[in-house]
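The values are calculated or read from the model by the stated rules, or taken from the named source; none is laboratory data. These figures come from a predicted structure and were not determined experimentally. Note: ideal-geometry Cβ built from the backbone for every residue, glycine included; neighbour counts use all protein chains shown.
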Amino acid sequence: MRKKLCTLFLFCLILGLFAACGSPDRQLDNFTRQLSRMESYVFTAVGELTFEDGIITDNRPLRYIMVGTHSTETEQFSATLSYTDAVGQQLYELSLFEADGTSYIRFVPLFQYLMDTKYADIGANSMVEVFGGNPFLLNPPFDFANLPLDLLTLIDSLDSDVIRDGLTSEHGSYTLRVTGDSFVGTELYALVRPFSLLSEIAQLIQMTDRAPESPLALLVHNHSPYTELELVLAEDDDTLTAALSFTAPDILTLTIDLTFREIDAAPIDPPQDTIEVSDMRAIFNEYRAAQARRAFLENSGLEIVTDLPELHMVGHQLGGALLEPFEMEIGGERFDVSVMSNAVNTSGYGMVHSVSSAMTLMYTALDAYAASETLAQFILIDLDVEDLDAENFQRTDMRINAHNTAAVNALFYDDNHMGRTLRIYVLQAIADTDQALFLGITVFLENMTHQGRQVLDRLGFYIGIDLSAYLTIAAVADDN
């Protein structure tokens, strides 16, 4: 809060410098005095960018409206920034708040905008659902509370002779025009900061690809030496206005209109729905991974049918000589999975293998996500393995249950070493754990025996799915 006060008084000193440089005027003194004595005020800032032809600005924030209050008496700052694109479509909104040295920013709408842009082809999942609402980020690692006043402190970088030559006054309005290379990129940053919040906040979520840049990055870091700035200050009763127009020829024009009006600001209670930066990152990383899995599935071409019953992949009450239990750890608990009797049954590296000449079973525990998204990766990875010496790949539709907690799919192909091969993929989320159990069944059809068919049939009976039906599907496909 002290920084904001210093900025305000710095601006007042700058205006005093205007007067000392040859434009003493009672109305200018009134403007300076009125701004400095405002203990609480409401402000509005409207910023707009106009790019030269050829610069791509689709779906980018090109205009913002910032409305807020600032009180030196209660030491509070609050503001809402609404961003729109070139055709006036609202893109996202930011809410900012600062009190007692603690800052807050409502980030979910911006993150949703970033994900909607990244996944425009399939649409992004709702971040409100993921974060359980629209919380404020607590103490983000950057300062924003000076936004409305920082727009005016650019003049502090100018030489007094530049100010003297460019300042004129008329009817209580004061205009400063500056051209040439009077600015450097770091000083111009005050002008572009509201637009640059897009890239600053995006860096908090550690995007795997490059974080989006502000459309003004070129201006800030490689600005043209032929710039033009016009600042107009005016006073009307209890309202002060400032209009800035900044032009970088062949790049852009930026206009900012500011209004300050004194009010009696009542204290505002700090937000209660908050989240720490570390927690926000953890939740967002999970969201991003889920979104990537969903995009992977959407672009896979797999057909999905929601007709699968609930599955039961563990704890079978076995009878007969075809299957036997094998203990496996899932989510820190011990469960029995069913393996083939009279087969080579081993475990290691979190997996259980059951191997015979006709068929292999492989169980492994995975983090539980949407079953369809997880299972798709197994079948598509098998389809894309470059060193698999096979051909004539065909796959079935993926079947999932109503809650997308279980899924079944199959792939069959001609292996040039093992002959006609069928792979069945089964996945089920395990209740009361955060894990799912994956079962991969590989059937070497040319080696399949009557007993092997019985094993597959019996295993399907216990799990709750007709696994033998996939033998029929493979046979029909082979005949065709």
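Data for the structure
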item	result
Filtered residues of region 224-283 (kept if in a loop (DSSP other than H, G, I, E, B) and farther than 28 Å from residue 140 by Cα)	224, 225, 226, 237, 238, 249, 250, 251, 263, 264
Any hit, region 256-278, residues being of a type in the set (Gly, Ala, Ser), surrounded by fewer than 18 Cβ atoms within 10 Å (Cβ to Cβ), out of contact with any Asp or Glu (no Cβ under 7 Å at 6 or more places or on another chain) and within 26 Å of residue 119 (Cβ to Cβ)	yes
Neighbours by Cβ (under 6 Å, 6+ apart or cross-chain): first from region 294-321, within 15 Å of residue 409 (Cβ to Cβ); second in a helix (DSSP H, G or I) and of a type in the set (Asp, Glu)	297/373
Residue check, residue 455 more than 16 Å from residue 308 (Cα to Cα) and modelled with pLDDT under 80	no
Some residue of region 202-223 being crowded, with 16+ Cβ neighbours inside 10 Å and modelled with pLDDT of 75 or more	yes
Restricting region 340-365 to residues that are on the phi > 0 side of the Ramachandran plot and of a type outside the set (Gly, Ala, Ser), the residue that is surrounded by the fewest Cβ atoms within 10 Å (Cβ to Cβ)	349
Restricting region 80-94 to residues that are among the small types (Gly, Ala, Ser) and either farther than 12 Å from residue 60 by Cβ or modelled with pLDDT of 90 or more (or both), the residue that is surrounded by the fewest Cβ atoms within 10 Å (Cβ to Cβ)	88
Failed condition for residue 248, given (1) in contact with a Gly (Cβ under 6 Å, 6 or more places away or on another chain); (2) without any contact (Cβ under 8 Å) to a residue 60 or more places away in the chain	(1)
Within region 407-428, tally of residues that are hydrophobic (A, V, I, L, M, F, W, C) and over 14 Å from residue 378 (Cβ atoms)	3
Hits in region 405-444 (condition: outside any strand (DSSP E or B) and either crowded, with 24+ Cβ neighbours inside 10 Å or within 33 Å of the chain's Cα centre (by Cα) (or both))	405, 430, 431, 432, 433, 434
Among (1) assigned to a loop (DSSP other than H, G, I, E, B); (2) among the small types (Gly, Ala, Ser); (3) free of Cβ contacts under 8 Å to residues at least 24 places away in the same chain, the one test that residue 460 misses	(1)
